[in-house]
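A quick write-up on the structure given underneath.
The values are calculated or read from the model by the stated rules, or taken from the named source; none is laboratory data. These numbers come from a predicted model, not from an experiment. Positions of Cβ are generated from backbone atoms using ideal geometry, with glycine treated the same way; all protein chains shown enter the neighbour counts. In case anyone asks, the SASA skips ligands and DNA or RNA and just uses the protein heavy atoms, side chains included. Shrake-Rupley method; radii C 1.70, N 1.55, O 1.52, S 1.80 Å.
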Amino acid sequence: MIRQLVPALLLALAAPLQAQPVQMEALSPETARLIRPVAEVAARDLQSMPAIRLTTRMADVCGGGDGNPLMRYCTSENVIFVASQLGTAVPDARAASYMLAHQLGHAVQVRHGQADLALAAIRAAPAREAVLRGMVTRQVECIAGVLHGRAFGAEGPSIADWFGAEPFTDAHWGRAPVGGGPRVSIGLGPRDEWFRRGRMAGTLSGCAVDELGTERIERAAR
């Protein structure tokens, strides 16, 4: 009898140690529920991704500063911070999950060297910074589309349906203080186009953007 109970006891002891897709879920179970589909895809399909953590103090995370009030990717800590009130501000699961997918797109670039490649190109040709950051952003939206499509399917509403204005034009990712991070605008239409492209492609190999290839970002795939 004791011998039969040992495996079950070991399993019960190990369960709390397993990583959860959304940390500090108790702060807002509803927000965690909304973003969990994409969080679970990332945990399953991608390597070296940041932790996803709910917070009630977004203005204070990652060195503080002015930035996105709902979601910030702190590369210094390798954490995506999500405001616990996201579920109230963006109650549509597909829209909320898109926001997480966008941040994970930045994480794929950062964690697998694509962001360093882009930064080196910007430093080598400062006059092309806006063009190069536009390429980076298009690829981020394509990666977001891949993840979102795996969670919800390739069809259905998209960024332009969820947001009345272009999202993520404020500071929302980078080293501390994240409020000093880049601010990029490429227009709502191009964001929607590249997001849909990634959703239809279903794979990171479909997210090449001009000079930004996919060799590095494909390393993120498990």
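A few notes on this one:
- Test item: Cα-centred dipole of the chain, Lys/Arg +1 and Asp/Glu -1 on Cβ, debye: 500
- Net charge over other residues, Cβ less than 13 angstrom from the Cβ of VAL131 (K, R count +1; D, E count -1): 0
- Normalised convex hull volume, the chain, alpha-carbon set, Å³ per residue: 135
- Other residues lying with their Cβ under 11 Å from the Cβ of ARG150 contribute a combined charge of 0, Lys and Arg counting +1, Asp and Glu -1.
- Each peptide in 173-185, 125-137 was scored by the mean count of other Cβ atoms within 10 Å over its residues; highest first, the order is 173-185, 125-137.
- Segment SER48-THR169, length gained on full extension (0.36 nm per residue, minus Cα span): 41.0 nm
- Each principal axis of segment 25-137 carries a Cα extent, and these read 46, 32, 24 Å when sorted largest first.
- Accessible area per residue in Å² at 1.4 Å probe, computed on the chain: 47
- Cα-based helix-to-principal-axis angle, 129-152 vs the chain, degrees rounded to 10: 30
- Theoretical FRET efficiency, 1/(1+(r/R0)^6), r = Cβ-Cβ of ALA125 and LEU188, R0 30 Å, to 0.05: 0.65
- Between 0 and 90°, nearest 10: helix 93-111 axis offset from the chain longest Cα axis: 80
- Using alpha-carbon coordinates, inclination of helix 2-14 to the longest axis of the chain, degrees: 30
- Carbon + sulfur, % of accessible area of segment 29-219 - ligands and nucleic acids excluded, 1.4 Å: 49
- The length gained by stretching the chain between THR56 and ALA221 to full extension, at 0.36 nm per residue less their Cα-Cα distance, is 56.2 nm.
- Net +/- balance of residues flanking SER205 in space, Cβ distance below 10 Å, scoring K and R +1, D and E -1: -2
- The separation of segment 30-92 from segment 99-156, counted between C-alpha centres, amounts to 17 Å.
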